[in-house]
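Colleague: Please see the structure below; I have some questions.
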Amino acid sequence: SYFKQLFAQVTNPPIDPLREELVMSLSTWAGPERNILDETPEHVARIRLDHPILSPADIRRLRQSTDPRVRVREIDMLFAAGDEDDAGPHGLRLEKRLDEMCAEAERLIATGVTFILLTDRRLDVEHAAVPSLLAVAALHHHLIRKSLRTKVSLIVESGDAREVMHIALLLGYGATAICPHVAISTIRSLTDGGRLENIKDHDDAIENYITALKKGLMKTMSRMGISTMRSYFAAQMFEAVGLSRALVERYFTGTSSMLSGIGIEGVAAEVIARHRRAFPPETSETEGRPAPLLDIGGLYQVRKGGEKHLWGADTIRLLQKAVREDDFAAFRQYTSIVDDQSRERATLR
């Protein structure tokens, strides 16, 4: 949520992903890259992917691979979620865990590992998930600094990646492929529970979701005039909005950050807040209170009690009233809601 993709600043779209689909490609290659100035049989020891979205079945195949050229090892994207009194501030724990992950990746590469699977599947009440984008970017830049980046592919099995922008960010910061396992398991549950119209088979529903992500990725790439996934990979076509320059320089090196903002402590605090909502204290049930529901949302569509929107029911009603009835007082009310955000801030200004 702290990143915004740059776009080619021209009046017409650089590429139309529908009409110019012929020149666009999501195919990519996974595995170690070798010297591009040489040509050996080992250069072809890579896996060709038609697109970078993997299913849980694909991840199982990777985990169970017996091919000596496909050596997969896992690194958990988790850090201790206990009270701060127990093991220090959460920000320091998150920072320490990122350092440990980088050191572990170095050690695995030294043993000949060609695929590192970053996973948060073992998340539990005592361990919170490191944000997958932070983990990927930190590892990607650390391995670049150590001249090891081309020796390994980073595969992400994450619960926090679910939308097109999430996938685009992970690819843009160095992930070769992503398995959005929570989104896929949610779709499976919705289908099996009969809550999706006209879709009875969860495999069809999951395929529709992956197809939507693929189309979204092509549209996202086209805004920068990029036609192939291999050109988008690790290109960092984003700017940070609301992250401190120190955090960006260390983990998202080279990304523009005009505003600065929160540091590692703020990121950890947001993660812990979400984690505690996922694992509420047991006392809430024993005291007879209902378990907390999911947040009402409203990020994309206006919802009562949800995110603040400039174009909400009040602003639209007042603008219509002012125009239809030539009511200047209603117009003044409308402008005060839009312009005066001293209480409910909704824009950077």
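The values are calculated or read from the model by the stated rules, or taken from the named source; none is laboratory data. For clarity, every value in this text was computed on a predicted model and none was experimentally measured. Every residue, glycine among them, receives a Cβ derived from its backbone with ideal geometry; neighbour counts consider all protein chains shown. Side chains included, ligands, DNA and RNA excluded: accessible areas come from the protein's heavy atoms. Shrake-Rupley method; radii C 1.70, N 1.55, O 1.52, S 1.80 Å.
Colleague: Who wins for biggest fluctuation among VAL70, VAL338, VAL125 in a Gaussian network model of the chain, springs between alpha carbons below 10 Å?
Modeller: Of the options given, VAL338 has the highest mean-square fluctuation.
Colleague: Only Cα pairs within less than 10 Å get springs; with that Gaussian network setup on the chain, which residue of PRO281, PRO180, PRO17 has the largest fluctuation?
Modeller: Its mean-square fluctuation being the largest, the pick is PRO281.
Colleague: Now for a separate question. Quick check for me: using +1 on Lys/Arg Cβ and -1 on Asp/Glu Cβ, what's the dipole size of the chain about its Cα centre, in debye to the nearest 20?
Modeller: Dipole of the chain, to the nearest 20 debye: 720 debye.
Colleague: Continuing with the same structure: Collect residues whose amide H, placed 1.01 Å from N in the peptide plane, falls under 5 Å from the amide H of SER153; neighbours closer than 5 in sequence don't count.
Modeller: Placed amide hydrogens put GLY31, PHE115, ILE116 under 5 Å from SER153.
Colleague: Assigning unit charges at the beta carbon (Lys, Arg +1; Asp, Glu -1) and nothing else, what dipole magnitude in debye, to the nearest 20, does region 60-141 show about its Cα centre?
Modeller: 780
Colleague: Please sort 52-61, 163-172, 310-319 by packing, taking for each peptide the average over its residues of neighbouring beta carbons within 10 angstrom, highest first.
Modeller: 163-172, 52-61, 310-319
Colleague: Give me a comma-separated list of calculated 3J(HN,Hα) values for region 156-161, in order, Karplus coefficients 6.51, -1.76, 1.60 applied at θ = phi - 60°, integers in Hz, x for any Gly or Pro.
Modeller: 10, 10, 10, x, 8, 8
Colleague: Amide H of CYS179: which non-local residues (sequence gap of 5 or more, or other chain) have their own amide H closer than 5 Å, using H built in the peptide plane?
Modeller: Under 5 Å from the amide H of CYS179 lie the amide H atoms of LEU54, VAL156, GLU157, SER158, each far enough along the sequence or on another chain.
Colleague: Measuring with a 1.4 Å probe in the full set of protein chains, what accessible area per residue, in whole Å², belongs to the chain?
Modeller: Value for the chain: 59 Å² per residue.
Colleague: Gaussian network model of the chain, Cα springs within a sub-10 Å range: biggest mean-square fluctuation belongs to which of THR11, THR186, THR40?
Modeller: Among THR11, THR186, THR40, the largest mean-square fluctuation in the Gaussian network model of the chain belongs to THR11.
Colleague: Sticking with this one: Please report the antiparallel percentage of DSSP beta bridges with both residues in region 58-214, rounded to the nearest 5.
Modeller: 20
Colleague: Amide H to amide H, which residues 5 or more places from PHE3 or on other chains are under 5 Å from it, using H placed in the peptide plane?
Modeller: Excluding prolines and chain starts, which carry no amide H, the hits are VAL241.
Colleague: Can you pull the percent of the chain's accessible area that's carbon plus sulfur, 1.4 Å probe, other chains left in place?
Modeller: The nonpolar share, carbon plus sulfur, comes to 52 percent.
Colleague: Now for a different question. Rounded to the nearest 500, what is the 222 nm mean residue ellipticity of the chain from helices alone, with -39500 (n - 2.57) per DSSP H run of 4+ residues and division by all residues?
Modeller: Calculated mean residue ellipticity at 222 nm is -12500 deg cm²/dmol.
Colleague: Another question, if that's okay. So how compact is the chain: Cα radius of gyration and Dmax in angstrom?
Modeller: Spelled out, the Cα radius of gyration and Dmax of the chain are 23.0, 77 Å.
Colleague: At 10 °C and a viscosity of 1.306 mPa s, what translational diffusion coefficient does Stokes-Einstein give for region 71-220, taking Rh as the Kirkwood radius over Cα pairs? Give it in µm²/s as a whole number.
Modeller: 95
Colleague: Could you check what % of the DSSP bridge pairs in the chain are antiparallel, to the nearest 5?
Modeller: If we restrict to bridges inside the chain, about 35 percent are antiparallel.
Colleague: Taking only the Cα atoms of region 91-174, how large is their convex hull per residue, in Å³?
Modeller: With only Cα atoms used, region 91-174 gives 99 Å³ per residue.
Colleague: In whole Hz, what ³J(HN,Hα) sequence does region 66-71 give by Karplus (6.51, -1.76, 1.60; θ = phi - 60°), x for Gly and Pro?
Modeller: 10, 5, x, 7, 10, 9
Colleague: Follow-up. Distances over 15 Å make up what percent of all Cα-Cα pairs in region 90-130?
Modeller: Across region 90-130, Cα pairs with separations above 15 Å total 52 percent.
Colleague: Which value, in debye to the nearest 20, gives the size of the charge dipole of region 114-162 about its Cα centre, when Lys and Arg are +1 and Asp and Glu are -1 at the Cβ?
Modeller: Once rounded to the nearest 20, the dipole reads 380 debye.
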